[in-house]
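Worksheet: one structure, shown below.
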Amino acid sequence: MSIIRKTAADFRVAPNFADYERERAAFSWRAALQEVAGAGGRVNLAELAVDRHAGSGLRDKPAFRFLERGCAPRDLSYGELSRLTNRFANVLAGLGVKRGDRVFVIAGRIPELYVAVLGALKNGSIVSPLFSAFGPEPIATRMNLGGGSVLVTTDLLYERKVAKARERMPTLKHVLLVAEDGGTTDLPDTLDLATLMAAASEQCETAPTGPEDMALLHFTSGTTGTPKGAIHVHGAVATHWATGKYALDLHPEDIFWCTADPGWVTGTSYGIIAPLLHGVTSVVDREEFDAERWYAILQDEGVTVWYTAPTAVRMLMKAGAEIPAKYRFPELRFIASVGEPLNPEAVRWGKEVLGLPIHDNWWQTETGGIMIANTPAFDIKPGSMGRPLPGIDAAIAKRNEDGSLTLIDTPDVEGELALRAGWPSMFRGYLNNEERYRKCFAGPNNEWYLTGDLAKRDADGYYWFVGRADDVIKSAGHLIGPFEVESALMEHPAVAEAGVIGKPDPVVGETVKAFVSLKQGYTDSEALRMELLGHARKRLGAAVAPKEIAVLPSLPRTRSGKIMRRLLKARELGLPEGDLSTLEGGA
Ligand code: AMP
């Protein structure tokens, strides 16, 4: 493995972080929180991200530059963002929406989404952004689990994904719609957001939230049961700020582009909050991936810091070298990526094609912010996720049968990645599911959070991702719970049982493959399989639905009746079938 060494010549601006041990020793979360929020105890993510700058020299600086095909770019300054988010907070207050009420947001990357998220935080409401490519089922499930009382979405998304399911969402009181054609809407039982915004005041008293008040609800998937609502608090601001500094190396003059959608945690923590905290300008592109367009954005917008994902990098690699040869990236100075393993070839491709290696980093919905990273000043070992950031203690651990925990000190030994609990953006619970939350912690005083990922640490303290400890699927960077997909398939009258696995894919990491057995009276056919795929897609949406389906006479189950996804996967991939002692009816 060839290490990518850094020298002073690699930096156009001095990195925020150069002496690893010294910075770690000097760092404290209390000091980080004070630096960003002051000492008063009042902490509101939106106030610190927006109003702090709107009242300073950054008032007229673009906070966001929104790009859309066929339209001129639309800049929104810190001052305008402050006024619009005040208006939105007043819209909510006018509807009687209170501190602690849950506001769901489902939209593409449009300005109204950013205003709604930040405005709801100002109102002290709890925000849950959902991916707009979810179908009606994942939306209804999450809305009900989260007790959403407000939904902000567009007229088209509402008609396609929510209207028919609305009677199954008993907590939902107000639906605020953005007209996708830029006008107004008058769909039954909804309110037109533009009209409400025009009538609302620009003055607003931000809710005086404290660091432990709940701010965001991000849903994530497990192997079994319903999705889990990870609770995040306003005090997470310290992590958003510190990781923006250390892992993304944000400097005041940066033009930053986070390609993640705010429907996922990266798109909220780093597509909205962290860059605003640093007072930089963020580029937001409404369109889907398009290699030519992406290179053009990097060049034409003068992006300096780019945060993207391995699937996107692999899609750029696949699109060939001719396209980037037409562009120049003299402003680009730092590239980071997250969400799935970043293969060493991709790290090096960055250096060849964009002139910079790609810096992998690791975190997850529960951690609220980046935990382990390759930071600008340090050599990169391609294939490694990097080292724990200041304020983060990581370990490789083994859960013992008696519930105790052993930390593995020997380098290069595989175990579960654990983090010492207590960093500010650590989730504070899974909504209404204390037991599932408790199970994530172990060791003396439950001081270690167990991440569900398998990893190794080498002798230099670099962490290497090995795989997931559970059956969840990572496709194009999105975490998909097999149970949610299986449940949707089971709703079809022909399906007796369903098992869903992630099938390795060179570009998107994994694709979703389903196995089903049929009820009596149904026989396997191409037409039936297509019907089942269509059924799943309609309910779950394209981001979650299986791409492939196979019909088996029966699915392998354990003696206790659980479908053995591990075995389905081993058989699919032609791998050894492993321990079959629990298989129903023997091997
Ligand atoms: P999510 O909660 O949807 O953000 O997904 C988090 C999961 O994505 C982690 O638990 C890992 O399994 C995976 N993941 C995130 N970052 C990386 C990375 N740099 N390398 C490998 N896997 C990653």
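Values in this text are rule-based calculations from the coordinates and carry no lab data. Nothing here was measured: the structure is a model prediction, and the numbers come from that model. Neighbour counts are summed over all protein chains in view; Cβ atoms, including those assigned to glycine, are modelled from backbone coordinates with ideal geometry.
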Karplus-derived 3J(HN,Hα), 6.51/-1.76/1.60, for each residue of the stretch 375-382, Hz, glycine and proline x: 9, x, 7, 9, 4, 9, 9, x
Unsatisfied cross-links (Cα-Cα over 18 Å) in the set Lys161/Lys513; Lys398/Lys503; Lys164/Lys538; Lys519/Lys547: Lys161/Lys513; Lys398/Lys503; Lys519/Lys547
Cβ crowding within 10 Å averaged over residues, with 361-369, 298-306 ranked highest first: 361-369, 298-306
Charge dipole of the chain about the Cα centre (unit charges at C-beta), most positive-ward option of Asn400, Met214, Gly534: Asn400
Neighbourhood net charge (15 Å Cβ-Cβ; Lys/Arg +1, Asp/Glu -1) for Ala200: -2
Relative contact order [Cα under 8 Å, 6+ residues apart], the stretch 145-274, whole percent: 15
Helix-derived mean residue ellipticity, 222 nm - over the chain, DSSP H n ≥ 4, -39500 (n - 2.57), to 500: -7000 deg cm²/dmol
The stretch 200-214 - phi-based ³J(HN,Hα) in whole Hz, Karplus 6.51/-1.76/1.60, Gly and Pro as x: 8, 6, 8, 9, 7, 8, 5, 4, x, 6, x, x, 9, 6, 5
Size of electric dipole in the chain: Cβ of Lys, Arg +1 and of Asp, Glu -1, about Cα centre, debye, nearest 20: 460
